[in-house]
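A.B. asks: Before I ask anything, let me first share the structure, which is written out below as structure tokens.
The values are calculated or read from the model by the stated rules, or taken from the named source; none is laboratory data. Fair warning: this is a prediction, and the values are worked out from it, not measured in the lab. Here the Cβ positions follow ideal geometry from the backbone for every residue, glycine too, while neighbour counts run over all protein chains shown. All accessible areas refer to the heavy atoms of the entire protein, side chains included, with ligands and DNA or RNA removed. Shrake-Rupley method; radii C 1.70, N 1.55, O 1.52, S 1.80 Å.
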Amino acid sequence: MWNASEWRWAQSWEMGVAAFWGSLVPLRDVEEVLTFGSPKARLAYAESFFAVGRLIDRSGPEGIVRLLTRMRSGDGFDEAFTGVFGMTPASFEIRWREAAGRRFGLAAVLFDSFGFWLAVTALFLAAY
């Protein structure tokens with residue numbers, strides 16, 4: 001998804017709602033995406049897209065390559081991740097959740113131009 005730049009407004013909305021309600025899928029659980037129902041799977045894909053983007057922002061695409069190279073050489077995921085990115089997966093998830101809350105919180109989603117006009121329309125219809 002990241003490589004193809006397949007981000008859509010609906011993914012921002014799903015991330016915003018999940019961040020607002022505190023229902024983001026733990027990143028460690030994303031690998032079970034094939035067992036999820038459709039809404040949870042869509043959220044997991046959106047979360048993984050955002051997580052990979054955060055890692056690339058931190059270390060460039062080379063960081064992902066180094067991570068995969070270390071894992072192919074026999075390192076476990078946690079060891080390879082810590083060696084490449086300088087933090088444990090758990091500490092990355094804390095930072096990632098904070099960033100997701102800032103980027104996709106309900107206010108951010110509503111004040112995105114499409115989200116704003118969708119909310120205005122919904123309020124107008126509800127008032128009518």
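A.B. asks: Residue by residue, what Karplus-based ³J(HN,Hα) values in Hz, rounded to whole numbers, does the stretch 76-87 have, using 6.51, -1.76 and 1.60 with θ = phi - 60° and x for Gly and Pro?
C.D. replies: Computed from phi, the couplings for the stretch 76-87 are x, 4, 4, 5, 5, 4, 4, x, 7, 9, x, 7 Hz.
A.B. asks: For the chain, compute Rg over Rh where Rg is the Cα radius of gyration and Rh is the Kirkwood radius from the inverse mean 1/r over Cα pairs.
C.D. replies: Answer for the chain: 1.05.
A.B. asks: What ³J(HN,Hα) values, in whole Hz, does the Karplus curve 6.51 cos²θ - 1.76 cosθ + 1.60 give for the stretch 91-104 when θ = phi - 60°, with x put for Gly and Pro?
C.D. replies: Calculated HN-Hα couplings, in order: 6, 4, 4, 4, 5, 5, 4, 4, 5, 5, x, 5, 6, 10 Hz.
A.B. asks: Among PRO39, PHE81, MET15, pick out the residue whose Cα is farthest towards the positive end of the charge dipole of the chain, where Lys and Arg carry +1 and Asp and Glu carry -1 on C-beta, about the Cα centre.
C.D. replies: MET15
A.B. asks: What ranking, highest mean first, results for peptides 67-75, 91-99, 46-54 when packing means the other Cβ atoms within 10 Å averaged over each residue?
C.D. replies: Sorting 67-75, 91-99, 46-54 by mean packing, highest first, produces 46-54, 91-99, 67-75.
A.B. asks: Let me ask another. Which whole number in µm²/s is D for the stretch 55-102 by Stokes-Einstein, with the Kirkwood Rh taken over Cα pairs at 4 °C and 1.567 mPa s?
C.D. replies: Translational diffusion coefficient: 117 µm²/s.
A.B. asks: Across the stretch 117-122, in residue order, what do the Karplus-derived ³J(HN,Hα) couplings come to in whole Hz, using 6.51 cos²θ - 1.76 cosθ + 1.60 with θ = phi - 60° and x for Gly and Pro?
C.D. replies: 6, 5, 5, 4, 4, 4
A.B. asks: Over the chain, give the accessible area per residue in Å² for a 1.4 Å probe, as an integer.
C.D. replies: On a per-residue basis, the chain sits at 64 Å².
A.B. asks: Tell me the angle of helix 9-21 to the major Cα principal axis of the chain, expressed in degrees between 0 and 90 and rounded to the nearest ten.
C.D. replies: Roughly 90 degrees, rounded to the nearest 10.
A.B. asks: For the chain, give the percent of accessible area contributed by carbon and sulfur heavy atoms, probe 1.4 Å, rounded to a whole number.
C.D. replies: Reported share for carbon and sulfur atoms: 62 percent.
A.B. asks: Please state the charge dipole magnitude for the chain, taken about the Cα centre, from unit charges on C-beta atoms (+1 on K and R, -1 on D and E), reported in debye and rounded to the nearest 20.
C.D. replies: So the magnitude is around 180 debye.
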